[in-house]
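Here is the structure we will look at.
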Amino acid sequence: HSVVVAGLNVGGGKAEAAAERVRKEKKITFPWLIEPGARTLSRQLEITTLPRAVLISQQGRVLFHGHPLDPAIWKALRRVSPTIEAP
């Protein structure tokens, strides 16, 4: 569906070890980024609570910004690819 998924860990000083532990426990296979201490990306995206899903179009527009279980994410995903269906 031409959708790229990446995780962003915004933890503190031991973020890398914590992210790796969670990745193994949850069997996460998508790329998982560790944000530097300045938290530039999470500030720019105004991520204040976790978990958080942000769907960004190829043009850089934010199509969805909210909890990943919010049904509105599927409406936004269908804007990316009309054939996407909720599981």
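Could you state the accessible area per residue of the chain in Å², with a 1.4 Å probe and every protein chain left in place?
Numbers: 6660 Å² over 87 residues.
Per residue, the chain has 77 Å² of solvent-accessible surface.
What is the extension gain from THR83 to LYS14, computed as 0.36 nm multiplied by their sequence separation minus the C-alpha to C-alpha distance, in nm to one decimal?
20.9 nm
Between PHE64 and residues 5 or more places away or on another chain, which pairs have amide H atoms under 5 Å apart, with H built 1.01 Å from N, and which residues are they?
Amide H to amide H, under 5 Å and 5 or more residues apart or across chains, PHE64 pairs with LEU55.
With charges only on Cβ, +1 for K and R and -1 for D and E, what is the dipole size of the chain about its Cα centre, in debye, rounded to 20?
40
Please work out the Kirkwood hydrodynamic radius for the chain, using every pair of different C-alpha atoms, and report it in angstroms with one decimal place.
14.3
Test of understanding: what is the full-extension gain from THR29 to VAL4, defined as 0.36 nm times their sequence separation minus their Cα-Cα distance?
Numbers: separation 25, 0.36 × 25 = 9.00 nm, distance 1.23 nm.
Stretched fully, the THR29-VAL4 segment lengthens by 7.8 nm.
Per DSSP helix of 4 or more residues, -39500 (n - 2.57); summed, then divided by the residues of the chain. What does that give at 222 nm, rounded to the nearest 500?
-8500 deg cm²/dmol
If you bin every alpha carbon distance in region 45-87 into 5 Å steps from zero, what whole percent lands in each bin?
Final binned percentages: 6, 24, 29, 25, 11, 4, 0.
The values are calculated or read from the model by the stated rules, or taken from the named source; none is laboratory data. All values reported here derive from a predicted model rather than from experimental measurement. Every residue, glycine among them, receives a Cβ derived from its backbone with ideal geometry; neighbour counts consider all protein chains shown. With ligands, DNA and RNA removed, areas are computed over all heavy atoms of the protein, side chains included. Shrake-Rupley method; radii C 1.70, N 1.55, O 1.52, S 1.80 Å.
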